[in-house]
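Report on the structure given below.
None of the figures in this text is laboratory data; all of them are computed from the coordinates on show. It should be emphasised that the depicted structure is a prediction, and the values quoted were computed from it without experimental measurement. A quick note on method: Cβ atoms are made from the backbone with ideal geometry, for glycine too, and the neighbour counts reach across all protein chains shown.
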Amino acid sequence: MLYRACKIERSAMPRIVTATKDTIRDAAALLKAGEIVVLPTETVYGLGADARDDDAVLKIFRAKNRPNFNPLIVHVSNKQQAATYVEMNEVASRLTDKFWPGPLTLILPLKNGAGISQHVTAGLNTLAVRVPAHKIMRQLMFEADMPIAAPSANNSGEPSATTPAHAAKSLGEAAPFILAAGACDVGLESTILDLTGDMPTILRPGATTLEDLEPYLENVTYDIAPKDKEKVKSPGQLLKHYAPSIPVRLNAVDVEEGEALLAFGSIKFMGIKTGGHAKDMNIDSFRNLSEEADLEAAAKNLFMMLRDLDQPNHKGIAVMNIPEAGIGIAINERLERASKS
Ligand code: TXA
Ligand code: MG
């Protein structure tokens with residue numbers, strides 16, 4: 001099995017391999033051999049490696065051009081496995097019982113001698129952990145039997161990949177093996193909740209919303225604005241993220257000449273500034289996140305459609321207003337970052 005996997009690893013172009021029992025084993029063998037693998041999760045595709053192996057983890061940073069000060073999330077199979085790497089407290093235990101497996105990452109104190117590579121934590125004494133819900137990922141974790149460090153499977157600064165093709169396009173030859181399982185269900189990265197401070201703090205909004213968390217916490221707050229290096233809790237907040245290569249204009253009520261349109265809900269009253277209606281726009285310049293104005297559907301489509309519209313023939317992307325409620329908060333946070341130049 002290892003031989004088969006190593007042969008795959010030597011190919012120069014990214015190999016998109018449909019997930020089957022055999023190819024999941026191949027992916028696990030690659031991880032065990034210290035290689036990196038693109039893997040599916042319910043949120044976005046990840047670029048995984050053995051979290052205990054310094055060399056393997058460094059391959060992730062190189063493949064993504066990721067700055068070494070930006071730590072990685074470690075994916076584990078269950079709460080018990082998480083507890084071998086982090087100090088669980090009562091709040092964490094309550095939350096994991098309710099929300100794992102699922103799109104919630106917890107920041108907790110790293111256990112002494114846990115064996116996690118220092119490159120994963122970027123030298124911090126805390127660790128980000130999550131238990132993914134994706135069936136294929138769960139099988140892979142079972143086969144590989146290791147903590148898997150995995151950031152999103154995109155070149156640093158680009159939108160996260162939510163399909164195998166987008167992971168291949170973004171990482172190119174840097175990702176030799178892509179375990180493919182279709183488009184990700186959630187489409188946005190996990191919610192990150194920091195439990196190491198005085199108050200539970202959402203560092204990145206996601207599909208597990210404030211409303212979901214509130215019943216299980218006495219207090220919870222947000223800390224998601226990009227800020228100075230001294231004050232930053234989640235190093236990812238420092239970086240320009242999820243950014244297409246052309247300008248993104250938010251809360252658009254009409255379309256300017258040359259712009260593409262990313263719509264949400266009905267476009268009946270949406271016009272083009274120089275005349276005409278958005279509904280008559282060329283298919284290459286128009287995507288609707290959800291005609292039914294369904295926020296979950298919009299989250300699933302967001303990165304995929306931003307990538308579709310990110311074409312040099314467009315002078316920018318006009319994005320219609322997204323309600324600031326539920327997962328809409330996470331969508332707006334990603335769009336806000338995408339719009340910063
Ligand atoms: O849904 C997800 O979370 C996906 C899938 C693959 O699981 N992963 C993902 O990883 O989005 P990444 O590396 O793209 O984003 C992880 C974020 C970064 O902004 C990083 O700074 C933050 O988590 N992070 C990691 N460890 C941290 C820590 N100890 N303290 C604070 N923030 C941390
Ligand atoms: Mg990322």
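Among 212-219, 174-181, 91-98, the peptide with the highest mean count of other Cβ atoms within 10 Å heads the list, and the full ranking is 174-181, 91-98, 212-219.
Here the chain is treated with +1 on each Lys and Arg Cβ and -1 on each Asp and Glu Cβ, and its dipole about the Cα centre works out to around 920 debye.
Among beta bridges from DSSP that stay inside the chain, the antiparallel ones total about 40%. With the alpha-carbon atoms of the chain aligned to their principal axes, the span from lowest to highest coordinate is 64, 51, 34 Å, starting with the largest. Mean projected area of the Cα convex hull of the range 248-338, taken over all directions, amounts to 5.2 nm². With contacts taken as Cα pairs under 8 Å at a separation of at least 6 residues, the range 26-172 carries a relative contact order of 35 percent. Taking a 22 Å limit on the Cα-Cα distance, which of the listed pairs K21/K169; K59/K340; K32/K98; K279/K315; K64/K169 fall beyond it? As for pairs spanning more than 22 Å Cα to Cα, those are K21/K169; K59/K340; K32/K98.
Remark on F286: its backbone amide H falls under 5 Å from those of L261, a criterion applied only to residues 5 or more positions apart or on other chains, H modelled at 1.01 Å from N. Distance between the pseudo-spin-label points of K98 and A297 (7 Å out from Cα toward the beta carbon): 2.9 nm.
Here the range 119-183 and the range 278-336 have alpha carbon centers that stand 24 Å from each other.
For the range 1-156, the dipole from Cβ point charges (+1 on Lys and Arg, -1 on Asp and Glu) about the Cα centre works out to 320 debye, to the nearest 20.
For the range 245-304, the Cβ-based charge dipole about the Cα centre amounts to some 60 debye (Lys, Arg positive; Asp, Glu negative; other atoms uncharged). Taken one residue at a time, the phi angles of the range 81-89 give Karplus couplings (6.51, -1.76, 1.60, θ = phi - 60°) of 5, 4, 5, 7, 10, 10, 7, 7, 10 Hz. Gly and Pro are set to x. A simple spin-label model places the labels of Q80 and E256 5.8 nm from each other, with each point 7 Å out along Cα-to-Cβ. Secondary structure note: in the range 248-338, about 10% of the DSSP beta bridges are antiparallel.
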